[in-house]
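Engineer: Handing you this structure, nothing more for now.
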Amino acid sequence: MNNKVGYLIRTIRHLHVCGSKLGPSFRTAMRTYTLGISRSKSTIQSVNLRRFLLNVPPWWLESSLRLLSQRVPVYSKEDATVREQNATKTLLDEHVQSSSSALDPLEEDRSVVEENLVVKSERSQLQQFFDDLKKCVSPCDVLDLVSKSAISEKHCSNCFTTMWMLIKKLSEDQKHYEKQLMVKHPAFMQLCQHLMQESRSMWRDDLVYSLHAVLKLGVPQNTRLVQTLLRVCQERLNEFDDQCLSVVATTLVTMEKSRNVDALQAGLQLLVEQRIPKISNIFMLQSMMKCFGKDAPLSLKRKFEHTLLAAGPSHIPQRAAHSHCYFFYSSVTENIPGTPFWQLIRVLKSCSILRYRNVVLYSAIANYVTSAICMWDTKQIVLFLSAFEGLRFRPVELMDILAEKVTSHPESLNLKDILSVLRVYSLLNHVPKCQNQEFLESLNGALNKYLTRISNVDLLKAVYSFCILEYLPQPALSQLLQEDNLNELLKSDGLNKEQNEMMVHYVNTCLELDSPLSFTKPATMFIKKPSSPLVSDLPEVREALLKLLGDERMFQQNIQLPHDYNIEIITVFGFRVAILCSPLSAFCFGTRHPRGKLAMKMRHLKALGYHVILVHYQEFKKLKKEEAIECLKGEIYSVDAFPVSDVNLQDNI
């Protein structure tokens, strides 16, 4: 009997090592049986285990034997079959013999009490270990705890994860020092060895988090530990839930290409492609998209796009923006003719909401829309341009085409379209190559038809847009300048009042500096717009000007001119030079083309007698000191800025 029991124990241990092949249900049965193998079990537990072992296919055991490490004896196929049959027969005989004793109620109650005590003791020890683990403040503390504890696979996984969580909060120098101490600790090799041995019997969550933590702790990728974990992940990939797949994907992104990495990534790709429709967590999709990269199959990209776009822009977290749009970019450039209108619009709006910037993506979509212009009606083109304007992107050719359409058929626009077109062209500061005056007059004529029913707010927006484009629409302007209309606009509350005051202020400025005609303006027009705060000190520009001019008295900083314009002023050859330091948002995306308000400001400064030098401040800050000085020198003393005849004339004076 003892021989039979001994052989049964060895068989169960052997199957336990192969548990990754048999699945979670096998491991549950093994735990249930091994917890009570030294005690009498209930009839139900015995019957369940008996049924389970009877249903184990022989090929599972054969395939599992091939996956064992070198420390586990490997039998031939014939020996394995005989031993499996004997083990099953012995197991059944033992349970048949013990079933009668299990039916004794007193014995069964005693067994249950003993089992509960053992379980409580094990839980208490486990809880004590985790409580001690939480108190650790360094990886070496964790390893000290390992050296004096009997650890299981659960302990092992949590130890590695805890060490990584402790290290990642440190500075780079501290990380390097702590990792050196960790590797030199005698318990570290013991922990790595234990992880490698228990990897096939670990729970799936523990397995993937262990792989992630081991790599983050700096264990080289070509070590036996990492390669073993990669191989086990391959074998158990079908067991992984969405969370485990996401962790594996995140881990693979940081790894170099190798045979095991490529095999795991290929398996992950096949599995994810099947599960994508059921994955609702956007962060998980983000991790998987980063793992597969732009070289993923087009079918997989399409499935990602469909899932993300179905969620809608408002449901996509901002951290998922780059993965989402990056995937779409690589897909749309490969198969752009198949992309429908609303999907393009939704992607552009998603980019705006998520603040994703990719000039190649925008250009690809704009080129496609332009090349297939016959497919879109005027309203669709207006929607495209509105979406591009939200991204600060100026599709020149597409805007020229729409200008021609509007000039030819202004009646095709309703009031909403007119306001959208005016807003887009004014904010992007786009003047059509040909027929600019005809285009603006066509828009003015189309707007005049709605003057009897347009709201004062929309009227102000339309006139403001026209003024940015240096065009004064007389009928609309005359209606706006009526005192009752202005009073209504300026007496509104909250943010609308501030916005209305700003637009009225710039309309008034354009009337003074751009208009060759005289308009009778009501007293309300002369309200003083609250002065905007002066721009902060620009040390890079100040230092470069001081080096270039040699004297602080040669220039003035943060000068506030009439009409609320702040500039840097210097005097060269008797000319006044205004240096405008503008942020990135003042330019159209991917270019140095000034947007509407900046272009209007430059125009007005020229009208006030200044030569304007425009400085892209973000780019200027990146220049070295010598390059910054040369940049300003080239702009200030350029021939275009000061023609030779003008300079000579000024010198003679």
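Engineer: Answer yes if at least one residue in the range 438-447 is open to solvent by less than 60 Å² (accessible area, probe 1.4 Å) and over 24 Å from residue 599 (Cβ atoms), and no otherwise.
Structural biologist: yes
Engineer: Of all residues in the range 583-614, which are more than 21 Å from residue 560 (Cβ to Cβ) and free of Cβ contacts under 8 Å to residues at least 40 places away in the same chain?
Structural biologist: Passing the criteria: 584, 592.
Engineer: Please go through the range 191-213 and give me each residue that is open to solvent by 40 Å² or more (accessible area, probe 1.4 Å) and in a loop (DSSP other than H, G, I, E, B), ordered by number.
Structural biologist: Residue satisfying the conditions is 203 alone.
Engineer: Next question. Give the residues of the range 424-437 that are open to solvent by 10 Å² or more (accessible area, probe 1.4 Å) and outside any loop (DSSP other than H, G, I, E, B), sorted by residue number.
Structural biologist: 427, 436, 437
Engineer: Answer yes or no as to whether residue 441 is closer than 17 Å to residue 501 by Cβ and of a type outside the set (Val, Ile, Thr).
Structural biologist: no
Engineer: Looking at the range 561-580 only, could you name the residues that are at pLDDT 70 or above and not charged (D, E, K, R)?
Structural biologist: 561, 562, 565, 575, 577, 578, 579, 580
Engineer: Here's a follow-up. Quick one: is residue 417 within 20 Å of residue 461 (Cβ to Cβ), in a helix (DSSP H, G or I) and either among the charged types (D, E, K, R) or modelled with pLDDT under 90 (or both)?
Structural biologist: So residue 417 fits the description; yes.
Engineer: Counting only residues that are over 23 Å from residue 389 (Cα atoms) and not in a loop (DSSP other than H, G, I, E, B), how many does the range 441-473 have?
Structural biologist: Residues flagged as over 23 Å from residue 389 (Cα atoms) and not in a loop (DSSP other than H, G, I, E, B) within the range 441-473 amount to 3.
Engineer: On to the next question. Would you confirm, using the coordinates I've provided, whether residue 457 is open to solvent by 30 Å² or more (accessible area, probe 1.4 Å), touching a residue at least 12 places away in the same chain (Cβ under 8 Å) and either closer than 29 Å to residue 498 by Cβ or hydroxyl-bearing (Ser, Thr, Tyr) (or both)?
Structural biologist: So residue 457 passes the test.
Engineer: Take the residues in the range 474-502 that are at pLDDT below 90 and not in a helix (DSSP H, G or I), then tell me which one is surrounded by the fewest Cβ atoms within 10 Å (Cβ to Cβ).
Structural biologist: Checked the range 474-502; the qualifying residue surrounded by the fewest Cβ atoms within 10 Å (Cβ to Cβ) is 493.
Engineer: Would you please name the residue that is least open to solvent (accessible area, probe 1.4 Å), looking only at residues in the range 172-188 that are touching a residue at least 24 places away in the same chain (Cβ under 8 Å) and under 32 Å from the mean Cα position of the chain (by Cα)?
Structural biologist: Out of the qualifying residues, it is 178.
Engineer: Related question: Got a number for residues in the range 611-629 being among the hydrophobic types (A, V, I, L, M, F, W, C) and part of a loop (DSSP other than H, G, I, E, B)?
Structural biologist: 1
Engineer: Determine whether the range 170-190 contains at least one residue that is acidic (Asp, Glu), modelled with pLDDT under 90, assigned to a helix (DSSP H, G or I) and farther than 27 Å from residue 258 by Cα.
Structural biologist: Looking through the range 170-190, at least one residue is acidic (Asp, Glu), modelled with pLDDT under 90, assigned to a helix (DSSP H, G or I) and farther than 27 Å from residue 258 by Cα.
Engineer: Right, here's the next one. State which residue pairs qualify: first residue part of a loop (DSSP other than H, G, I, E, B) and inside the range 288-303, second residue at pLDDT below 75 and open to solvent by 60 Å² or more (accessible area, probe 1.4 Å) in any location, beta carbons under 8 Å apart, and separation of 6 or more residues or different chains.
Structural biologist: Sorted first by the residue in the range 288-303, then by its partner, the pairs are 294/326.
Engineer: Select, from 216, 169, 134, 148, the only residue that is within 30 Å of residue 280 (Cα to Cα) and open to solvent by 70 Å² or more (accessible area, probe 1.4 Å).
Structural biologist: Step by step, each of 216, 169, 134, 148 is checked, and only 216 is within 30 Å of residue 280 (Cα to Cα) and open to solvent by 70 Å² or more (accessible area, probe 1.4 Å).
Engineer: Report yes if some residue within the range 617-632 is over 30 Å from residue 471 (Cα atoms), of a type in the set (Gly, Ala, Ser) and surrounded by 15 or more Cβ atoms within 10 Å (Cβ to Cβ); otherwise report no.
Structural biologist: Checking the range 617-632: at least one residue is over 30 Å from residue 471 (Cα atoms), of a type in the set (Gly, Ala, Ser) and surrounded by 15 or more Cβ atoms within 10 Å (Cβ to Cβ).
Every residue, every condition in (1) buried (at least 17 other Cβ atoms within 10 Å of the Cβ); (2) among the aromatic types (Phe, Trp, Tyr); (3) closer than 28 Å to residue 449 by Cβ, yes or no:
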| residue | (1), (2), (3) |
| --- | --- |
| 351 | yes, no, no |
| 358 | yes, no, no |
| 366 | yes, no, no |
| 375 | no, no, no |
| 391 | yes, no, no |
| 403 | yes, no, yes |
| 422 | yes, no, yes |
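Engineer: Follow-up question, since we're still on this one. Looking at 301, 290, which one is open to solvent by less than 20 Å² (accessible area, probe 1.4 Å), under 21 Å from the mean Cα position of the chain (by Cα), modelled with pLDDT under 80 and of a type in the set (D, E, K, R)?
Structural biologist: Going through 301, 290 in turn, the sole match is 301.
The values are calculated or read from the model by the stated rules, or taken from the named source; none is laboratory data. The shown structure was predicted, so the numbers you read here are calculated from the model rather than taken from an experiment. A quick note on method: Cβ atoms are made from the backbone with ideal geometry, for glycine too, and the neighbour counts reach across all protein chains shown. What goes into the accessible areas is simple: the full protein's heavy atoms, side chains included, and nothing from ligands, DNA or RNA. Shrake-Rupley method; radii C 1.70, N 1.55, O 1.52, S 1.80 Å.
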